[in-house]
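Asks: Take a look at the following structure, please.
The values are calculated or read from the model by the stated rules, or taken from the named source; none is laboratory data. Just so it is clear, the structure is predicted and the values come from calculations on it, not from any experiment. Cβ: placed from backbone, ideal geometry, glycine included. Neighbour counts: every protein chain shown. Accessible surface is based on the protein model in full, side chains and every heavy atom, while ligands, DNA and RNA are left aside. Shrake-Rupley method; radii C 1.70, N 1.55, O 1.52, S 1.80 Å.
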Amino acid sequence: MMHLTVNRPLTTLLKHMYMYARQKHSTSSIPNDLIQVQANVASVLRQGGPVVALESTIITHGMPYPDNLRTAQEVESIIELNDATPATIALMNGKLHIGLTQSDLQYLAKSTSPVKASRRDLAWVLSKGLTGGTTVSGTMIGAHRAGIHVFVTGGIGGVHREGQTSMDVSADLTELGRTPVAVISAGVKSILDIPRTLEYLETEGVTVATFGPSRDFPAFFLPSSGYQAPINVTSAREAAELIDYSLSLELGSGLLIGVPIPSSVATQGQQIEDAIQSALQQASVEGIHGKDVTPFILQRVNELTGGESLKANIALIQNNARVGSKIAQELSYIRRDGSKRRHVTKTTEPTAKYGQPVVIGGSNVDLVSSIRSQNIQYGDGTNPGSVHITLGGVGRNIADCLSRLGTSPMFLSAIGRDSQGDTLLGLSSHMNTSAVSIIDDHSTATYSCVLDSDGAMVLGVGDMDVHVQITPEYVSGYEKYLSSAPLVCIDGNIPVDTIEYVCKYCAQHNTPVWYEPTCIVKSTLPFQSDCWKTISYISPNFKELCMISNCLHKKNDAYQDHNNLTVHTQVEICIELCELLLQHMYCVVVTLGQHGILVCRNAQPEEPFLIASSTPQERTASKMSVVHYPACNADHITSVSGAGDCLAGAMIARILQQSTPDDCIKSGLLAALCSTQTYLTVPASVSTIDELLDSTICQPNRIL
């Protein structure tokens, strides 16, 4: 045998070694009769779409019924809200299920004697046809076999206290060392020995990172354990790139990304920590050991804190789901087209020389109600339809769109210190929200709108009081960013004195300002003084443009019958009204709904758009040009509420990247189209508009 091995050609040996290694880490090594992937999950995986794995021990062992079922359903809904597909993993009826139906979740939540299944238990549970909730270890195995790269959980296991003598080490740690799945968690449970856990993970070759501006490693109920991770990632894109490189290197090991508990519940951390210490002592006295410790501790702590620990537990899991689904979304883009997605956030020449753009405006949580019937019932009638929760605020939407297109802005806004604010920040993890002001004793802005069957808005109600906190004093703290920005965008949600302050300051530093009017009522805010004359860009719709004209001419009756006007008449009116604005402004982008947009500016159509890098000579007014761009054809329209914001955001992104004028405007139209296809104001699909630029788009028509 020795002679046969030695004489075999080296290349053949290497080939067999390589094939063995590939088989060892293969995602298809489990027979089909042992694994069942839910049809929807399988379809998304085949297309390379974002899927997030979820464990099931939180259902079977982590919470009492019905909290366990409600939490599982809410977490899956959060993932779906972020354009990803949830895949809860569990053992039922002799199969490893990847993705559960609602009836599966209910069955699992009500199971009386499920097995807590780690790696060692999988074969036994399947062979006996038992019901099992998968631990972190068991879930990682299922996720890897199905080809899922991102897994969200609450917290992982680790080295138990006194583990140096008991050798009680969670299988989660060894699984992280040999299964290439990224685990998104709130760190390590504080009932464990955290420093020894981090040392063990280092020995296993596991990449450990924190999510956010700090390397402070979280301890489940506490945002900081007192120990630091080797690295941190500040955005979903950065985390996805880290995962992508790890997978591409075929290291065979996983990653652990620690996400701090939301600030709204972190204040309860010390109370919970005291309860944990008490429960640990009780567990020791009663002789509770091994895998029975965690369920006992969590139940006892919940009793000692009067249910507050359960609320915090649910909040951190939901927050992890938001972050994890964003990471999965970004990873999907990277791995489907690594040549375009990887490093898409690299700084372009204008932002490198002049800093990053600044967006100042509102942030909302939106409740969108859509009526199915064309006949709307008013008064006592109930309209059948659907209700969706999404994010909004014109400024936030524009900043979101810029971030997805590789031009991350400094975003200034104000939210309340409440659960809605945590939700908003959690779902905006791909953005730079470090400058957002979190205000005590204020509620995060909430907006509710009703859409008709065509997706057009019938009625809107907003609780926007917190936006008055976007004051000149707050904004002035970021003057160095304003003065170095290639462009500053403001919306009509901010107070008039803040608008005037920003316009004046930017004019002194030769920084162009883009004003997004927000709505008819707020469209005229800059025109209450002469500050509008320092604005470079404005992007009203036809109604808002007419209202601005009325304000300047002190009228209130001009063009009230605009709904009955032909597109030709609307264009003629727009040109007339824009001539007045362009005596001081540089560019007016008028949105005409299904008829497209009209771009009027003091430059020839082929000349690059104005940014702060333009020389004074380039910024001199010239003869006005007018170009009409037809809208992109849409098979269906779900909602138009975010279309204008996506148009402005994509245009600004391409202007800052110094794209051609045609590409700037077509990118805006494509981003607006993406927004109309979903209830999400800024869907993740806007990141794909580059792939559509060469597709069939109606050619522009130059009018002047």
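Asks: Can you give the accessible area per residue of the range 570-671, in Å², using a 1.4 Å probe? Let's see the in-between values first.
Replies: On the way: 3810 Å² over 102 residues.
Using a 1.4 Å probe on heavy atoms only, each residue of the range 570-671 averages 37 Å².
Asks: Take the Cβ-Cβ distance between HIS509 and THR234 as r, set R0 to 25 Å, and report the resulting FRET efficiency rounded to the nearest 0.05.
Replies: Numbers: r = 27 Å, r/R0 = 1.09.
Computed FRET efficiency for HIS509 and THR234 comes out at 0.35.
Asks: Right, another one. With semi-axes √(5λ) of the Cα gyration tensor in Å as the read-out, I listed (i) 50, 28, 25; (ii) 50, 34, 22; (iii) 60, 32, 25; which label goes with the value calculated from this structure?
Replies: Derived directly from the coordinates: (i).
Asks: Same structure again: Given the protein chains as shown and a 1.4 Å probe, how many square angstrom of THR135 are accessible, to the nearest 10?
Replies: About 20 Å², rounded to the nearest 10.
Asks: Take the Cα atoms of the range 49-192, find their three principal axes, and give me the spread along each one in whole Å, biggest first.
Replies: If we take the Cα atoms of the range 49-192, the spans are 44, 34, 28 Å.
Asks: For the range 472-493 and the range 637-653, what is the centre-to-centre distance using only Cα atoms, to the nearest Å?
Replies: 22 Å
Asks: In what sequence, largest accessible area first, do TYR629, TYR474, TYR200, TYR227 appear using a 1.4 Å probe? Mind dumping the intermediate values first?
Replies: Working: TYR629 10, TYR474 35, TYR200 70, TYR227 100 Å².
Correct descending sequence by accessible area is TYR227, TYR200, TYR474, TYR629.
Asks: Sorted by average packing, counted as other Cβ atoms within 10 angstrom per residue and highest first, what order do 168-180, 315-327, 430-442 take? Mind showing how you got there, number by number?
Replies: Numbers: 168-180: 21.5, 315-327: 27.2, 430-442: 17.4.
Taking the mean over residues of other Cβ atoms within 10 Å, the ranking is 315-327, 168-180, 430-442.
Asks: With each label point set 7 Å from Cα along the Cα-Cβ vector, what nm distance links SER278 and GLN374?
Replies: 6.5 nm
Asks: What ranking of LYS533, LYS110 comes out by heavy-atom accessible area, probe 1.4 Å, highest first? Spell out each step's value before the answer.
Replies: Details: LYS533 80, LYS110 120 Å².
Descending accessible area places them as LYS110, LYS533.
Asks: Next question. Starting from the residue with the highest accessible area, list ASP530, ASP418 in decreasing order, probe 1.4 Å. Before the final figure, lay out the partial values.
Replies: Values: ASP530 105, ASP418 30 Å².
The ordering from most to least exposed comes out as ASP530, ASP418.
Asks: So, one more: Which Rg and Dmax, in Å, describe the Cα atoms of the range 115-157?
Replies: 10.6, 29
Asks: Just in the range 266-312: which GluC sites (Glu not before Pro) are loop by DSSP and have at most 13 other Cβ atoms within 10 Å?
Replies: Working: sites: GLU273, GLU286, GLU303, GLU308; in loops: GLU286.
Qualifying residues, ordered by number: GLU286.
Asks: On a 0 to 90° scale, report how tilted helix 567-581 is relative to the longest principal axis of the chain, with both axes built from alpha carbons and the result rounded to the nearest 10.
Replies: 80 degrees
Asks: Going by the alpha-carbon gyration tensor, a ≥ b ≥ c the square roots of its eigenvalues, is the range 430-481 rounded (a/c under 1.5) or, if a/c is not under 1.5, prolate (a/b greater than b/c) versus oblate? Let's see the in-between values first.
Replies: Numbers: a/c = 2.83, a/b = 2.07, b/c = 1.37.
Prolate, since a/c reaches 1.5 and a/b exceeds b/c.
Asks: Still on this model: Considering only the other residues whose Cβ falls under 10 Å of the Cβ of ALA275, what net charge follows from Lys and Arg at +1 and Asp and Glu at -1? Each step should come with its number before you reach the end.
Replies: On the way: positive: ARG300; negative: GLU273, ASP274, GLU303, GLU308.
Charge balance near ALA275 sits at -3.
Asks: Rounded to the nearest Å, what's the spacing between the alpha carbon centres of the range 153-193 and the range 408-423? Just the number, please.
Replies: 32 Å
Asks: Separate question: Find, among the chymotrypsin sites (Phe, Trp or Tyr not before Pro) in the range 353-428, those assigned to loop by DSSP (not H, G, I, E, B) with at most 12 other beta-carbon atoms within 10 angstrom.
Replies: Working: sites: TYR354, TYR378, PHE411; in loops: TYR378.
Those satisfying the criteria are TYR378.
Asks: Quick check on the range 174-299: take the gyration tensor over C-alpha atoms, sort the square-rooted eigenvalues as a ≥ b ≥ c, and tell me if it's rounded (a/c under 1.5), prolate or oblate.
Replies: Numbers: a/c = 2.64, a/b = 1.53, b/c = 1.73.
Verdict is oblate for the range 174-299.
Asks: Next question. Can you say what percent of the DSSP beta bridges in the chain, counting only those with both residues inside, are antiparallel? Round to 5.
Replies: Working: 37 of 90 bridges.
So the antiparallel bridges in the chain amount to around 40 percent.
Asks: Further, regarding this structure: What FRET efficiency comes out for the pair GLU607/VAL468, r = Cβ-Cβ distance, R0 = 35 Å, nearest 0.05?
Replies: Given R0 = 35 Å and the Cβ-Cβ separation, E is 0.35.
Asks: Of the DSSP beta bridges with both residues in the range 57-209, give the percent that are antiparallel, rounding to the nearest 5.
Replies: Values: 8 of 15 bridges.
In the range 57-209, approximately 55 percent of DSSP beta bridges are antiparallel ones.
Asks: Still on this model: If I fit a long axis through the Cα atoms of helix 643-656 and take the longest principal axis of the Cα atoms of the chain, what angle between them do I get, 0 to 90°, rounded to 10?
Replies: With both axes taken from Cα atoms, the answer is about 90 degrees.
Asks: One quarter of the convex hull surface, Cα atoms only: what value does that give for the range 372-450 in nm²? Numbers along the way, then the final one.
Replies: Numbers: hull surface 28.8 nm².
Result: a mean projected hull area of 7.2 nm².
Asks: Could I ask something else about it? For helix 293-304, what angle does its Cα long axis make with the longest principal axis of the chain, in degrees from 0 to 90 and rounded to 10?
Replies: Long axis of 293-304 versus the principal axis of the chain: about 60 degrees.
Asks: May I ask you to work out the translational diffusion coefficient for the range 406-458 at 25 °C, viscosity 0.890 mPa s, via Stokes-Einstein with Rh from the Kirkwood sum over Cα pairs, reported in whole µm²/s?
Replies: Values: Rh = 12.9 Å.
Once the numbers are plugged in, D ends up at 190 µm²/s.
Asks: Label 7 Å along Cα→Cβ of ARG120; the range 276-320 residues with amide nitrogen under 15 Å?
Replies: Only 289-293 fall inside the zone, counting backbone N under 15 Å.
Asks: While we're here: 7 Å from Cα along Cα→Cβ at both GLU199 and ASP441: what's the point-to-point distance in nm?
Replies: Computed distance between label sites GLU199 and ASP441 equals 4.9 nm.
Asks: Next question, about the same structure. Measure off 7 Å from each Cα along the Cα-to-Cβ vector at GLU250 and SER529, then give the distance between these two points in nanometres to one decimal.
Replies: Computed distance between label sites GLU250 and SER529 equals 6.5 nm.
Asks: Let me ask another. According to the square roots a ≥ b ≥ c of the eigenvalues of the Cα gyration tensor, what is the shape class of the range 422-550, taking rounded for a/c under 1.5, prolate for a/b larger than b/c otherwise, and oblate for the remainder?
Replies: It is oblate, given that a/c is not under 1.5 and a/b is not larger than b/c.
Asks: Suppose only helical runs count, i.e. DSSP H with n ≥ 4. What mean residue ellipticity at 222 nm does that imply for the chain under -39500 (n - 2.57) per run, divided by all residues and rounded to the nearest 500 deg cm²/dmol?
Replies: On the way: 26 runs with 279 residues, N = 704.
After summing the helix terms and dividing by residue count, I get -12000 deg cm²/dmol.
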